[in-house]
Structures are given as C-alpha cells and as structure tokens.
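The structure appears right after this line, and notes come after that.
The values are calculated or read from the model by the stated rules, or taken from the named source; none is laboratory data. Bear in mind the structure is a predicted one, so any value in this text is a computation, not a measurement. Here Cβ is always computed from backbone atoms with ideal geometry, including for glycine, and neighbour counts include all displayed protein chains.
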Amino acid sequence: MDLPNKFNSDQFCTLATVTERQICGECGRKRMFFCYDCKVYVGRVGSMAPRVELPLLVDIVKHRHELNSKSTAIHALLISPGQTRIFDKFEEVPNYALECSATENVAVLFPSKNSQSIAQFVRENGPLCRIVVLDSTWNTVGQLRNMANIVKLPMVHLRQYTTDYWRPQNGLSADHLATIEAIYYACVESREAEREWRRTEERRRREKGEKEEKEGEKEVRQKGGGRDAEEQNGKKGEDGGSEEEAEEEQNRLDNLLFWCMRPDPTQLRRYQLSTAAANGVTAGVFVGGANRTRRQWRFLLLLSVLFSVTFTFGFWTFQSDGSIFSPPYHKLEQFALVEENVSTSAWNTFAQNSITEGTKERNGSDEGISEKMAKTNRSYENFPVEVNETLSNQIELFSVTYAENATEIAPNVSLSFAVPPRHSVADWPACADHPPGLIGPIPVWMDGPGFETLNKLYPRVRQGGHNWPDACAARHRVAIIIPYRDREAHLRIFLHNLHFLLSKQQMDYAIFVVEQATNQTFNRAKLMNVGFVEASRLYDWQCFVFHDVDLLPEDDRNLYSCPEHPRHMSVAVDKFDYTLPYAQIFGGATAMTRKQFERVNGYSNDYWGWGGEDDDISYRLAYAGLKISRYPAKIARYKMVKHEHDGMNPSNDCRWELLDKTKKRWRQDGLSNLNYTLLSTTFHRMYTNFVVDLLEDDSRKTLANERISRRLLKGC
C-alpha cells in the first residue's frame, strides 16, 4: 500500500510559525516542537498540534538502548495520547492476560515464520483491540520478544511496504520501516480488516434472516421483502456515509505520518533537495536512491576510519589476555593478588603463623573470633604491583591485624581461617570431573535451623565456612560471596541448603557473608566487590560465585564452578515461573573467575538502592568481549525465599542514567576506585562474616560531581 497522494496538512500550517527551539518545562533543555526525553510538547506547540483518534490501542515497548532522539515512537504518543502508551522499562510491561478481557484481542507486531497477516488474524479472531509494537533495532529486538509478558502473545505482520521516512536506516533495505510507519500501516490494515470482517458478519446475518423468512407465510414474506428493499436503501446510505467517514479517518491517520515525515527546510541542503523539489514529491518521499547510496558510502568510509583508530588504540591498550596496563587504567594491574602457582603449603604456613591474637564474640548460640579493624580504610588499589614475589611478601600481603589483649578463646574455634593440610594436593588423587552421587532434583529446606544445629548437621565444615573433600584433591577453589543485611532467618536457610549441596559436589569452597553497616542505603554491587577483595586475602580462590541470600538451588547437577565463560546460574526461578526474564540478565547467582572479574573491573560502586547493577555487569561483560553461559533451565532451577521489602533499599531513580553511561564509565568505576572501611571480620563455623562501611556520603558526592543526569534524581 502506498502513502496517500495528499496529506491533510491544514492542521500543521500553524507549526510553520515555530522556527526556533524552545525550552522544555520539564528538563530545561531547548527542543524543537517537543522534548523526546520528557515526552511533552515545548512552548506553544501543544496548543497547535492536532490530535488523532486511532482505530485501535497501541502499546510501544522501547528497548533501553534505543536512543530517544532517534526513535519515532514519541510522535504517536504526542498525537494520540489517549490510545498510545510507551514502556521504557522492561518491568513496566503489563501482563496482558490479566489486563485485557477474553474478548479483547491483543497481538504483537513481529514478523516471523509463525506470524499471521493482520487480515487473517481478524478473520479468525475478530477485530484487534490492542497491538504491541517493539521499538528496537533488529539486533536487540529478540530481548523484547522473549519477555515473559510478550512471548505468549500471538504475532502479526504487515504487508510489504517501502520506507518513506526522511532518515533511512543505514545498512538496512528499504522495506525496513520506522516505528511510526509501522504503527500507521498497522492502523490502516486493522481498519480495513475490521470493516471487511463486519461486512462478512452482516452478510451472514442477512442470509440467515432471509432463509428464515422464506420458510414463513406468504404475507410475512411480502412484508419481509418490503423490509429488504428498505434495508437495501438504508445499507446504500450507510455505505455512502461509511465512505465519507473512511476518507475523514484516512486524513486523520495521514496526519500521524505527516507530523514526522513533512519536509524540514533545514534538512533540504543536507539531502540535496530543493524546496521546489520537496514540494513536488509525496510527503515523506524526500530521499532518492542515489542520495541514499551516497550516504551509505560515506557511512562505510567513516566506519573504516573509526575501526582503524580503535584498532590502533586497542593494540597499545590491551594485552592478548585482555588485561589493561596503560594509563589511565594502570591501577588494574595492581589488582592481581596471587597467581595460580602459589602452592597450598604456602597458604597453610601463612594461616598458621600470620594470625596470633583475637577477641571472642558471641552471637546467640554461634561463637567465633572477631577481627577489630579500628575502622581502617581500605581500597583495592593499595595492593603491591608485583604478583610473583617471595613467600614472605605474599604472607605480608594477606596478613590481618587483630585486636590485642585477647583474654579467652571460644571452645572448638580456631584462631585462623581453616585451610586444607599441606599434603592434600601432593598426595591425594584429583577428584572426578563429574562428582559421583549427583541425583538431580534435591530437597529444598525452607526452615532455618539454629547455628548449633547446623554445626551438628555439617561437622566437616571447618572454621570460616571452609570445606573441602577428604578423599581427593578438589578441582575447583570457589568463594561464595553473599551481600547481606538484617536477614538472619534467610541466612540460616541459605547455609543449610548450600552446605548440603556443595559438600556433594567435592568443591574446595567457603561462604563469605559481606554485611553492610546500618543506616546506609543498601549497595549490593559494592558489597560484592568488597567480598571479592577480602576473600582473596584469605585464600587462593580460582572462582567467585556472587549469590543472593534468598535463592536456593533445586538440582545438585548445577555445579558451583567457573567454566570458560562467565556463567549465569539462576536461569529458572520459581518467582518468574521458571523462565528467563530476558536474554541478557546476569543476576541472582553468577560465577566468574578471578581474571574475568578483574577484566570487567568488578561491579559498579554507584548503584545505591534497588536495581540496575545486574544489567550493568552484563554490559561490562559485553564490552570486555566475554559471553554469558548457562546450564539448561531444567538444571539451573532455584526457589526464592519470600521476604518483605527493605526500607533502606529503595528503588534507584538514577539507574537508567547510569546504565546509559556504562560504556564510558566501566573502566573507572569498580575495583579501580573501590574504597570502604572494614569494621570487623568474624570466622564462624558455617561462614566468614565481613562487616563494612561503604562510605556512602563520600561515594555520592563523587557521583554528583560527575553530573550523571541533568535532572534532580534521587541517587544521582
């Protein structure tokens, strides 16, 4: 279907008087006609712009990477605000099965082998009530299509059209439409299909009535014939009226396209079109094939130049293994604590000799040794540069200063973090690649026994929550990092389930609970950075699993180890009906090696409150050239413990602005600028507890100086 030859542009003639940018009342920026960030008209444009009544409701799901300034979805929202909705955040997409009644047909506009044409869908199911449009590039549209609230919707597609948008998409064929064009054609096809469906239904009803009348008496048939003539005359009048209404509705729909496809005099020179030529072409058809080809060649030339510059910069910036060593990222070289060649005996010597004094701390029935750090400030950048030093320097690197004047030692409690005996690696055979005795689904205990009971249930777990197999040398040394605050009941449930699982998998593992001090906004990502640093001081861990305390594994074949690629472990969670919310999610329970974690510079330190840190680390993995791996959903299954919302963990209003700038900030924000105060370290039987002050005020001041957002957002 082609665009109409003439647009009803009477309502737009007054917009020609607006020749300068005006200030947006929401954000204060200067915009032409409307602000694409605030989604409002600017100045007096709101009183001039028309309103369009669409034949169906339109929901636009916009990918967070889609630039507002390049998206055309805003045009539909402004011209038809009562029938159009835009969802910028994945979690805001409604559950259409609950929102819409059974008689309301909802479909997603997505061409695929399983999609139907709009006409076919209407013939089989009736008129469309609402259509969901995915505003994204073709490279990322799969993330939107696979969302839980969208994936079950039926799919429809448009007929073949050629784009007439004034800014074509480089590298794509002419049949790739802009979002506003897709909405326009969907409305046109839906209107045509609905009219055809109503005519068919009316014809069936009339035929049924005629058949019933023929079976009646002769007098009734004659009266019925008179009525037939009247109905035919009335139908003729209705057809005439419907044609006029159709033309008027077509003009209104045309205005929808004219708003964003009208010729802009400031763009004529750029696209080598004169004003006369622009007036002579159909509205929207402003770019010729030759000009489009010329721009594509310019784009390829620019791309080749950028590639050359990027390759040159990358050659001098990155080593073959991905580590960064040139300014301003030279600090990352200091983060390597100990290489894999450090022997187990060295760690055992350190553990026996470096810690001599301690103080006793009792917490209910649980007893342990508490390290009083006198609020010593720590940062990851203070570690030595050299990584292949002598054993004495390695011991000094991991030495821990304890409070003096210890007067008493708790019974059955070691003064140090327990480590395997010296002969474990040298004399014992290596454990099997696939641990024996794994059965698949395992029981999940939702009750949390007391710490005394846990000590009796798992007597082989050593001090600090450290455990290793007794009959073979473990193939994996794994640190489990738990960000935590004020969830003791959940912690006991978690320890009960995790120690049961990990002892079967023949891992050399320990559980580290990183507890944030009170009266601070919760910062899950920064706590995991602290856990990585502090756990590395105690042992030569190969693998780090970052785990939420409310997730409990359901299958013992879900190995807590680090494969070649970073692994997302919590693939199927009961809260999400055991489905993956979206393809790039990397949160809940994740596993990374030391090199992988250092390569992405750890987590961001600036996500104060709920949300954003999981997507941020996913972006970091992509920017560092790392891929996400997953076990099948039938293995990587988890139950989530229900809990109330933490008042000190509010939603982070700044998370979207931070995510938009991850590509620029990820090398400077993370391990490279981590600073905190370690308040205490306690080696309990079931776990090691770090209590830390994350220095929220200092961190927020530094973030505010970056001016992440021009708007006054809580968290920025």
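Need pairs with beta-carbon distance below 8 Å; first residue of a type in the set (D, E, K, R) and within the range 440-454, second surrounded by 13 or more Cβ atoms within 10 Å (Cβ to Cβ) and assigned to a strand (DSSP E or B); sequence gap 6+ or separate chains. Qualifying pairs under 8 Å: E452/D366.
Scan the range 2-26 for residues that are of a type outside the set (S, T, Y), surrounded by 12 or more Cβ atoms within 10 Å (Cβ to Cβ) and at pLDDT below 80 and jot them down.
From the range 2-26, those of a type outside the set (S, T, Y) are 2-8, 10-13, 15-16, 18, 20-26; that's our starting set.
With surrounded by 12 or more Cβ atoms within 10 Å (Cβ to Cβ) added as a condition, the list becomes 3-4, 7-8, 11-12, 15, 18, 21-26.
Once the filter is applied, which keeps residues that are of a type outside the set (S, T, Y), surrounded by 12 or more Cβ atoms within 10 Å (Cβ to Cβ) and at pLDDT below 80, the range 2-26 yields L3, P4, F7, N8, Q11, F12, L15, V18, G25, E26.
The residues in the range 151-176 that are touching a strand residue (DSSP E or B) at 6+ places or on another chain (Cβ under 6 Å) and either in a loop (DSSP other than H, G, I, E, B) or at pLDDT below 80 (or both) can be counted, and the count is 2. For Q668, the conditions (1) in a strand (DSSP E or B); (2) surrounded by fewer than 18 Cβ atoms within 10 Å (Cβ to Cβ) are fulfilled apart from (1).
Total residues in the range 46-72 satisfying the condition of being closer than 27 Å to L580 by Cα and more than 21 Å from the chain's Cα centre (by Cα): the figure is 1. Can you find, within the range 136-154, the residue that is surrounded by the most Cβ atoms within 10 Å (Cβ to Cβ) among those that are in contact with a Leu (Cβ under 8 Å, 6 or more places away or on another chain) and touching a residue at least 40 places away in the same chain (Cβ under 8 Å)? Of everything passing the filter in the range 136-154, L144 is surrounded by the most Cβ atoms within 10 Å (Cβ to Cβ). For D486, state whether it is charged (D, E, K, R), touching a residue at least 60 places away in the same chain (Cβ under 8 Å), assigned by TED's automatic domain parsing to the domain that holds D555 and not in a helix (DSSP H, G or I). Judged against the criteria, D486 is a match. Selection of the range 27-39 for residues being within 24 Å of A182 (Cα to Cα) and either of a type outside the set (A, V, I, L, M, F, W, C) or crowded, with 19+ Cβ neighbours inside 10 Å (or both) yields F33, F34, C35, Y36, D37, K39.
For the condition modelled with pLDDT of 85 or more, surrounded by 20 or more Cβ atoms within 10 Å (Cβ to Cβ) and not polar (S, T, N, Q), what is the one hit in G602, G625, G715? Break it down stepwise before answering.
Numbers: G625 fails: surrounded by 20 or more Cβ atoms within 10 Å (Cβ to Cβ); G715 fails: modelled with pLDDT of 85 or more.
Answer to the selection: G602.
Considering the range 71-121, and only residues there that are in contact (Cβ under 8 Å) with a residue 12 or more places away in the chain and of a type in the set (D, E, K, R), the residue that is farthest from T140 (Cα to Cα) turns out to be E104. Every condition in (1) touching a residue at least 12 places away in the same chain (Cβ under 8 Å); (2) part of a loop (DSSP other than H, G, I, E, B) is met by L495 except one, and the failing one is (2).
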